[in-house]
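Participant: The structure under discussion is supplied below as structure tokens; questions concerning it will follow.
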Amino acid sequence: MVKILIDSASDIEKDEADALGVHLIPVRIRFGTEEFLDGINLTHSRFFEMLIESDELPQTSRINEYEFAEKYGELTADGSDVVVITMSSKISGTYSGAVKAAKDFGGKVYVVDSLNACIGERILCQYALRLLGEGLSAREIAAELDVKKHKIQLLAVLDTLKYLRKGGRISAAAAFTGELLSIKPVISIIKGEVKLVGKAIGSKKGNNLLTQLVDRCGGIDFGMPYGLVYSGLSDDYLNKYLNDSAKLWKDNTDFVPSYLIGSTIGTHIGPGAVGVCFFAKD
């Protein structure tokens, strides 16, 4: 038997993980003196309620090797092999912990660095489930994921620079100027790292730039998993992007899946973000 284990930076909550048949290992998040398990006892919507109400940013902590070792022990106890998908090693030490713990399990645990996070990690997991359904072994699934992960494109437009400033990722002056001019930064994950790939004034131009960047990446392979993400307590920005990007979906699909971003990434981008993620065409 082969089991899939994924961390909660994928924005998969426990109920969904159970429904999909994957196993979840959570990132810990702390608001002041309160600690939560992302996606388990802290839902994504409740996270954004707390984020908006809080004066200080919450703190997230990587999943360490001891937590992984405990989980591996549970999953391999019946003789199963495990494919582990983690958030990018370039943005967290979680992958390192997963690899260290795997060394004690005699080749039964295969760790894949997604070089991504959020929905980028999610769609890699969805592809892993497809391969599992086709009867591939854990070794074969991991090898295929390591090839296909380089085709994943994640692009997002942010509504506010406030949370990047709070987290020390941009200066207060840059954030003030950006807010004053209504600058919407467009970010991407490139080779495992978050990069600024464009700026636009206003949400309409931001959405249009996002769509242009999708085309520059080679377009969406609709035969592979894809979807949209949004952050915050409202899906208004998501619906606006769907309307602005109608040409991407028309004649290609009747359904565009969408997901609410969780705490691991939501801490740094805040509410009002919209993203698109897909495997680029060959």
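Participant: How much length would be gained if the chain were fully extended between K281 and N64, taking 0.36 nm per residue of separation minus their Cα-Cα distance, in nm to one decimal?
Facilitator: 74.6 nm
Participant: Show me the ranking of peptides 251-263, 62-74 by mean Cβ neighbours inside 10 Å, starting with the highest.
Facilitator: 62-74, 251-263
Participant: A further question on this structure: Can you tell me the dipole magnitude for the chain around its Cα centre, using point charges on the Cβ only (Lys, Arg +1; Asp, Glu -1), in Debye to the nearest 20?
Facilitator: Using Cβ point charges on Lys, Arg, Asp and Glu, the chain gives about 1160 debye.
Participant: Would you be so kind as to identify which of V84, I12, V274 lies farthest towards the positive end of the dipole of the chain, taking Lys and Arg as +1 and Asp and Glu as -1 on Cβ and the Cα centre as origin?
Facilitator: Of V84, I12, V274, it is V274.
Participant: Going out from 0 in 10 Å bins, what whole percent of all Cα-Cα distances in the chain drops into each bin?
Facilitator: Bin by bin from 0 Å, the calculated values are 7, 30, 36, 21, 6, 1.
Participant: Right, something else. Could you tell me how many degrees, from 0 to 90 and to the nearest 10, lie between the Cα long axis of helix 44-53 and the main elongation axis, the longest principal axis, of the Cα atoms of the chain?
Facilitator: The angle comes out near 50 degrees.
Participant: Separate question: Nothing charged except the Cβ atoms of Lys and Arg (+1) and of Asp and Glu (-1): what's the magnitude of the dipole of region 2-149 about its Cα centre? Round to the nearest 20 debye.
Facilitator: I would put it at about 560 debye.
Participant: Let me ask another. Answer with one residue from F36, Y110, Y66: the one whose Cα lies farthest towards the positive end of the charge dipole of region 2-149, charges on Cβ with Lys, Arg +1 and Asp, Glu -1.
Facilitator: Towards the positive end, the residue furthest out is Y110.
Participant: Provide the percentage of antiparallel DSSP beta bridges, counting only those with both residues in the chain; round to the nearest 5.
Facilitator: So the antiparallel bridges amount to about 65 percent of the total.
Participant: Mind scanning K191/K281; K100/K281; K148/K205; K90/K250 and naming the pairs with a C-alpha gap bigger than 25 Å?
Facilitator: K100/K281; K148/K205; K90/K250, as the Cα separations exceed 25 Å there.
Read-outs: derived from the displayed coordinates by stated rules, not from any lab. Quick caveat: nothing in here was measured; it's all calculated off a predicted structure. Positions of Cβ are generated from backbone atoms using ideal geometry, with glycine treated the same way; all protein chains shown enter the neighbour counts.
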